[in-house]
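Some notes on the structure that comes next.
The values are calculated or read from the model by the stated rules, or taken from the named source; none is laboratory data. None of these values were measured; they are calculated from a predicted model. Note that we place each Cβ from the backbone using ideal geometry, even for glycine, and neighbour counts take in every protein chain shown.
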Amino acid sequence: MAQTVAAPRPATRAEPTSRAVALTAIPAERTRVRRVILASSLGALFEAYDLVLFGPMAAIIARQFFSGLDEAYAYVFTLLSAAVTFLARPFGGLIFGPLGDRVGRKYTFLLTIVIMGGATVAIGLLPSYAAIGVASPALLVSLRIVQGLAFGGEFGGAVTYIAEHAPANRRGLATSAVGITMACGLVLAILVVIACEKLLGKAAFEAWGWRIPFLLSAVLMLVSVYMRLKLQESPLFLRMRRGGGGSRQPVRDVLGRWANLRVVLLVLFGLVAGQSVASATGSYPIYLLMLNLKIDPFLLHYTILGSSLALVAAMVAAGWLSDRIGRKPVMLAGLLGTALLAWPVYEGVTRVAHPDLAAAVAAKPLVVAADPAGCSRQFDPFGVARFESSCDLARRAVAKLGVPYATRDLPVGSPVRIEIGEASLASFDGTGLDKPTLGARTADLAKALASAVAAAGYPAKADPAKTNLAGLIALLSLLNVFVALASAPLAAWMIELFPTRIRNTALSLPYTVGGWFGGFLPAIAFSAFTATGNIYAGLWYALVVLAVAFLVSALCLPETRGRALDAIA
């Protein structure tokens with residue numbers, strides 16, 4: 001009897017003790033996961049912070065680093081210097097992705113954050129074109145490439161590390177933290193720019209104060225490095241390495257095996273390309289407002305700030321929703337919504353930001369009338385082509401003003417005219433002219449056109465008193481809701497598709513290559529406007545990519561919510 005009675009007593013006493021230990025461990029585990037998420041996602045904040053600085057400060061950067069070029073070319077090259085990071089990202093994925101699969105997640109993204117932060121600070125220290133000539137833009141582009149290489153490994157390592165720590169039922173929300181901090185980076189960048197402009201004044205900010213936001217990124221880098229040094233390696237990675245299940249050649253395993261390569265290609269041309277273009281579609285209005293609509297810089301900054309806050313909230317909701325109903329339906333809704341809303345939102349942005357321009361275009365439309373045989377395609381996303389025909393010079397003169405225009409075909413051999421309502425202005429043929437003469441006559445045409453456009457009632461810039469700031473923020477926030485749906489669940493979905501031994505590489509490659517689809521949208525859209533006169537022409541590119549991505553994803557890619565990461569073969 002004594003043994004019978006005594007036997008259960010230890011178990012009875014031990015049970016609440018074990019439960020108490022488990023309950024005590026829960027807050028500690030949550031704290032650890034939160035620390036992992038915060039430290040891992042700061043690299044995305046860096047990326048967004050830097051990219052946004054290239055948005056509202058594009059005009060300043062063009063003057064500082066590309067002042068030796070024609071104004072239209074300077075803008076194109078500024079946009080390309082922002083986009084070149086996307087071109088470099090896949091190479092960063094090839095370098096750092098395999099490193100993360102072989103050496104470890106923690107050490108890889110510790111290295112990438114140092115490289116990225118150092119390059120951003122260096123941009124703030126670069127001499128201008130006036131100081132060192134062509135070496136200035138060359139160094140700028142080189143540093144942008146370095147940033148792209150670092151981010152190519154940063155994203156994959158960060159989201160993989162988070163996912164391999166996070167609970168399965170919260171993986172979508174946890175990994176969306178990278179996207180959320182990118183949105184926070186937008187907010188932070190705009191706050192810093194606004195503060196610098198207010199403290200220094202516009203003249204001082206444009207002369208030298210623009211460097212301060214870049215230099216302040218050193219603080220972000222130091223905080224991020226400090227936090228990441230305290231992290232432990234991913235438990236899944238350590239377990240895999242102890243069991244000898246790692247990959248010695250991750251790139252070959254990803255690209256050399258059709259089962260893996262097929263998934264990578266579907267992911268690339270599916271949700272990754274779609275998400276990249278959706279994000280670019282949501283951010284391109286920054287350039288539209290600045291270059292075409294010419295709204296007050298402070299109103300532009302407040303617009304970005306308001307819509308970015310909406311994006312942060314929507315990203316949190318989208319990550320949470322993907323843990324409840326699945327990754328795929330949330331992202332497909334984001335692609336579809338972005339495609340359907342993009343054109344009406346952009347048109348609405350023009351009406352509420354610059355109603356005087358919309359009225360002038362309706363009352364006295366601007367038309368370039370020419371023999372179509374003398375007009376080139378004008379599509380010059382890389383800013384290297386030469387346009388010297390009468391038609392081309394007329395179109396570029398109008399495009400430099402940022403004013404939308406239409407075209408009208410004339411009989412063969414007819415002289416080119418720029419028509420503004422009832423008024424008309426003749427262009428000239430620059431073929432065979434030497435560079436100084438061509439430049440002088442082009443400047444004369446630009447001055448005459450600016451006077452004619454002003455006389456027709458076209459304002460030089462948007463009147464701040466007539467800009468509907470609340471309406472502008474509401475329109476961009478609405479578009480950003482669908483951008484968030486397309487973006488927030490992407491990391492968790494990709495992670496759940498690939499096995500631990502190649503996950504970092506397999507995720508990084510399609511994500512970084514897919515960035516090309518959206519990264520070049522600003523330059524493509526600006527060139528498309530120059531070619532057609534339609535400030536929304538670049539949206540056709542976005543709509544085609546979104547449609548293809550939607551179909552590929554809906555028909556060929558699986559739902560992954562609930563998959564155990566260590567159970568994937």
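Going by what's in this entry, would ALA531 be described as of a type in the set (A, V, I, L, M) and modelled with pLDDT under 80?
Yes: the conditions hold for ALA531.
Please name all residue pairs, on different chains or six or more residues apart, with Cβ atoms under 6 Å, provided the first residue is in region 89-105 and is under 16 Å from MET116 (Cβ atoms) and not assigned by TED's automatic domain parsing to the domain that holds LEU229 and the second residue is basic (Lys, Arg) and modelled with pLDDT under 80.
none
Looking at region 168-183 only, could you name the residues that are in contact with a Phe, Trp or Tyr (Cβ under 9 Å, 6 or more places away or on another chain) and surrounded by fewer than 24 Cβ atoms within 10 Å (Cβ to Cβ)?
Once the filter is applied, which keeps residues that are in contact with a Phe, Trp or Tyr (Cβ under 9 Å, 6 or more places away or on another chain) and surrounded by fewer than 24 Cβ atoms within 10 Å (Cβ to Cβ), region 168-183 yields only ARG170.
Any idea which residue in region 62-76 is farthest from VAL254 (Cα to Cα), counting only those that are part of a helix (DSSP H, G or I) and modelled with pLDDT under 75?
Only one residue tops the list, namely GLU71.
Within region 521-546, track down each residue that is closer than 21 Å to PHE86 by Cβ, small (Gly, Ala, Ser) and either in a helix (DSSP H, G or I) or not assigned by TED's automatic domain parsing to the domain that holds TYR287 (or both).
Correct list: ALA523, ALA525, SER527, ALA528, ALA542.
Test LEU497 against the stated conditions and say whether it is in contact (Cβ under 8 Å) with a residue 60 or more places away in the chain, outside any helix (DSSP H, G or I) and surrounded by fewer than 23 Cβ atoms within 10 Å (Cβ to Cβ).
yes
PHE482 fails exactly one of the following numbered conditions: (1) surrounded by 14 or more Cβ atoms within 10 Å (Cβ to Cβ); (2) outside any helix (DSSP H, G or I). What is the number of that condition?
(2)
Which pairs turn up if I take residues in region 340-359 that are assigned by TED's automatic domain parsing to the domain that holds VAL545 and look for partners that are aromatic (Phe, Trp, Tyr) and assigned to a helix (DSSP H, G or I) with beta carbon separation below 7 Å, at least 6 apart in sequence or on another chain?
So the pair list comes out as LEU341/PHE482.
Do we have any residue at all in region 461-474 that's touching a residue at least 24 places away in the same chain (Cβ under 8 Å) and on the phi > 0 side of the Ramachandran plot?
There is no residue in region 461-474 that is touching a residue at least 24 places away in the same chain (Cβ under 8 Å) and on the phi > 0 side of the Ramachandran plot.
Per-residue answers, yes or no, for (1) modelled with pLDDT of 90 or more; (2) more than 30 Å from ALA399 (Cβ to Cβ); (3) of a type outside the set (S, T, N, Q); (4) outside any helix (DSSP H, G or I):
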| position | (1), (2), (3), (4) |
| --- | --- |
| MET315 | yes, yes, yes, no |
| VAL330 | yes, yes, yes, no |
| GLY337 | yes, yes, yes, no |
| TYR346 | yes, no, yes, no |
| ALA362 | no, no, yes, no |
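For every residue, the table says whether it meets (1) in contact (Cβ under 8 Å) with a residue 40 or more places away in the chain; (2) within 20 Å of the chain's Cα centre (by Cα); (3) crowded, with 23+ Cβ neighbours inside 10 Å.
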residue: ILE113; (1), (2), (3): yes, yes, yes
residue: LEU125; (1), (2), (3): yes, no, no
residue: ALA130; (1), (2), (3): yes, no, no
residue: GLY133; (1), (2), (3): yes, no, no
residue: SER142; (1), (2), (3): no, yes, no
residue: ALA150; (1), (2), (3): yes, yes, yes
residue: GLY153; (1), (2), (3): yes, yes, yes
residue: GLY157; (1), (2), (3): yes, yes, yes
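Looking only at residues in region 259-304 that are over 19 Å from the mean Cα position of the chain (by Cα) and not in a helix (DSSP H, G or I), which one is farthest from VAL349 (Cα to Cα)?
ASP296
Restricting attention to region 114-126, which residues are within 18 Å of LEU53 (Cα to Cα) and of a type outside the set (Ser, Thr, Tyr)?
Across region 114-126, the qualifying residues are MET116, GLY117, GLY118, ALA119, VAL121, ALA122, ILE123, GLY124, LEU125, LEU126.
Under 27 Å from PHE517 (Cβ atoms), among the basic types (Lys, Arg) and assigned to a loop (DSSP other than H, G, I, E, B) - does that describe any residue in region 224-232?
There is no residue in region 224-232 that is under 27 Å from PHE517 (Cβ atoms), among the basic types (Lys, Arg) and assigned to a loop (DSSP other than H, G, I, E, B).
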